[in-house]
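Beneath this line is the structure, given in structure tokens, with notes to follow.
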Amino acid sequence: STGAVEAHIAIADILRRQNRAAESYDMLRDALALQPEDPRILSELGFAYIARQQFSQAIRQFDAALVVDEEHGPAYSGKGVALDLQGQHIAAQEVYRAAISRHVQSDALINNYGLSLVFTGDYDAAIEVLRPLVTSGPSNATMRQNIALAYGLIGDMQAARDYGLKDLKPEQVAKNLAFYRRYTVMLDSQKLGDSTIVDVQVPVAPVAPG
């Protein structure tokens, strides 16, 4: 029934916000059988696949959601994240820009676009994308630490420290600043790899759509 489907979607959303999206997989498959062209179900199932690290399957779900609704923000953001998590950052950025060109409003999508730019070494562009989000929007700790990362990687330690201290303990910020200093003396040809990000104190990460 429609009520059961709505309940499934609501529960899946709660689980995703609790970083338990993988647990919603079976429930979402049942809901999709009832409403196979609901972009919300398709997107939530995509996030469940991401949580299971099944990125190709996730992208198929997000693409299916966008066929139904070409302005469905969570599908754009989810597809971008799935691509970024596979190291396909240029393709991810094309997805984010496609959403922005359609005036899809999503703070999560903007954050994830900025972080993707960090991964390709486009630090100044990342700051340009993220700054409005953290200065005038309803930013969260992850968003603020993402811009701290970008500032640190261009050598602006004061800005990196200021943003870091908004959410992290002083000792965590000190570790981050030490990482930024080590990184900025590396060869210019070296970019911040996906594996290198683990050296930075959390919560540097993509943000799931609200």
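The values are calculated or read from the model by the stated rules, or taken from the named source; none is laboratory data. On a predicted model such as this, the values are computed, not experimentally measured, just so you know. Quick reminder, even Gly has a Cβ in these numbers, built from the backbone with ideal geometry, and neighbours come from all protein chains shown. With ligands, DNA and RNA removed, areas are computed over all heavy atoms of the protein, side chains included. Shrake-Rupley method; radii C 1.70, N 1.55, O 1.52, S 1.80 Å.
For segment 45-56, enumerate the residues that are more than 16 Å from Leu109 (Cβ to Cβ) and not in a loop (DSSP other than H, G, I, E, B).
First, pick out the residues of segment 45-56 that are more than 16 Å from Leu109 (Cβ to Cβ): 45, 48-49, 51-56.
Within segment 45-56, Leu45, Ala48, Tyr49, Ala51, Phe55, Ser56 meet the criteria.
Filter segment 1-56 down to residues that are of a type in the set (Val, Ile, Thr), surrounded by 13 or more Cβ atoms within 10 Å (Cβ to Cβ) and over 22 Å from Val67 (Cβ atoms), then give me how many there are. Full working, then the answer.
To start, the set of residues in segment 1-56 that are of a type in the set (Val, Ile, Thr) comprises 2, 5, 9, 11, 14, 41, 50.
Still in the running and surrounded by 13 or more Cβ atoms within 10 Å (Cβ to Cβ): 5, 9, 11, 41, 50.
Cutting the leftovers down to over 22 Å from Val67 (Cβ atoms) gives us 11.
Count: 1.
I need a count of the residues in segment 142-189 that are of a type in the set (A, V, I, L, M) and more than 17 Å from Ala126 (Cβ to Cβ). Explain how you work it out, then say what you get.
Going through segment 142-189, the residues of a type in the set (A, V, I, L, M) turn out to be 143, 147-150, 153-154, 157, 159-160, 165, 168, 173-174, 177-178, 185-187.
Filter once more, keeping what is more than 17 Å from Ala126 (Cβ to Cβ): 165, 168, 173-174, 177-178, 185-187.
Qualifying residue count for the region: 9.
Whether any residue in segment 57-68 is open to solvent by 20 Å² or more (accessible area, probe 1.4 Å), part of a helix (DSSP H, G or I) and aromatic (Phe, Trp, Tyr) is what I want to check. Lay out the reasoning, then the answer.
Filtering segment 57-68 for residues open to solvent by 20 Å² or more (accessible area, probe 1.4 Å) gives 57, 59-61, 63-64, 66-68.
From what's left, part of a helix (DSSP H, G or I): 57, 59-61, 63-64, 66-68.
Right, trim to aromatic (Phe, Trp, Tyr) and you get none.
No, every residue in segment 57-68 fails to be open to solvent by 20 Å² or more (accessible area, probe 1.4 Å), part of a helix (DSSP H, G or I) and aromatic (Phe, Trp, Tyr).
On the basis of being in contact with an Asp or Glu (Cβ under 6 Å, 6 or more places away or on another chain), buried (at least 16 other Cβ atoms within 10 Å of the Cβ) and not aromatic (Phe, Trp, Tyr), does Leu83 make the cut?
Values: in contact with an Asp or Glu (Cβ under 6 Å, 6 or more places away or on another chain): no; buried (at least 16 other Cβ atoms within 10 Å of the Cβ): yes; not aromatic (Phe, Trp, Tyr): yes.
Criteria not met by Leu83.
Restricting segment 1-24 to residues that are among the basic types (Lys, Arg) and in a helix (DSSP H, G or I), which is modelled with the highest pLDDT?
Arg16
Determine, yes or no, whether Ala92 is within 23 Å of Ser24 (Cβ to Cβ), part of a helix (DSSP H, G or I) and open to solvent by less than 10 Å² (accessible area, probe 1.4 Å).
So Ala92 does not fit the description; no.
So which residues in segment 118-161 are under 22 Å from Ala92 (Cα atoms), assigned to a helix (DSSP H, G or I) and not hydrophobic (A, V, I, L, M, F, W, C), if there are any at all?
Tyr123, Asp124, Glu128, Arg131, Pro132, Thr142, Arg144, Gln145, Asn146, Tyr151 - these are the residues of segment 118-161 that are under 22 Å from Ala92 (Cα atoms), assigned to a helix (DSSP H, G or I) and not hydrophobic (A, V, I, L, M, F, W, C).
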